Amino acid sequence: MVKLLIGHKGSGKTKKMIDMANSGLNTVKGSIVFINKNSRLMYDLKYQIRVVCMEDFEQITNVDEYIGFIYGILSQDHDIELIFIDSVLKHVDINFADI
């Protein structure tokens, strides 16, 4: 299942995603991954959530590489139940039609 949080800048989308990820620890039995543009939100998330900072992966430049990167994360850990991606349109050259 895919959920999209869409809204204007400053409408609280990131805060809602952080709350969803933190509360997800109470309901899921597997792992949670939070993909963000940088490490700014690392301390807002509980320590059990794996944070992936896209600044560390500058070689990912297009949508195909980005999808392959997500497949790689999933293949590394088969217990992943939730993946949160914040600001996906700002990570690489992805437009709304690609989503």
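Between ASP86, ASP79, the distinction of being acidic (Asp, Glu) and within 14 Å of the chain's Cα centre (by Cα) belongs to ASP86 only.
Taking the criterion of being open to solvent by less than 80 Å² (accessible area, probe 1.4 Å), more than 16 Å from ASN36 (Cα to Cα) and not in a helix (DSSP H, G or I), the residues of segment 63-94 that qualify are ASP77, ILE80.
Of all residues in segment 18-62, which are more than 20 Å from SER75 (Cα to Cα), at pLDDT 90 or above and either open to solvent by less than 20 Å² (accessible area, probe 1.4 Å) or not in a loop (DSSP other than H, G, I, E, B) (or both)? Residues satisfying the conditions are ILE18, ASP19, MET20, ALA21, ASN22, SER23, GLY24, LEU45. A Cβ distance below 9 Å, combined with a sequence gap of six or more or placement on separate chains, defines the contacts here; from segment 70-81, residues that are under 14 Å from VAL28 (Cβ atoms) reach residues that are of a type in the set (A, V, I, L, M) and at pLDDT 90 or above in the pairs ASP77/VAL33; ILE80/ILE32; ILE80/VAL33; ILE80/ILE73; ILE80/LEU74; GLU81/VAL28; GLU81/ILE32. Scanning segment 3-17 for residues that are open to solvent by 60 Å² or more (accessible area, probe 1.4 Å) and assigned to a loop (DSSP other than H, G, I, E, B) turns up LYS3, LEU4, LEU5, ILE6, HIS8, LYS9, GLY10, SER11.
As a summary of the residue check, THR61 satisfies the conditions (1) out of contact with any Asp or Glu (no Cβ under 7 Å at 6 or more places or on another chain); (2) of a type in the set (Val, Ile, Thr); (3) over 22 Å from LEU5 (Cα atoms) except for the one numbered (1).
The values are calculated or read from the model by the stated rules, or taken from the named source; none is laboratory data. Just so it is clear, the model here is predicted, and its values are computed rather than measured. Neighbour counts are summed over all protein chains in view; Cβ atoms, including those assigned to glycine, are modelled from backbone coordinates with ideal geometry. Side chains included, ligands, DNA and RNA excluded: accessible areas come from the protein's heavy atoms. Shrake-Rupley method; radii C 1.70, N 1.55, O 1.52, S 1.80 Å.
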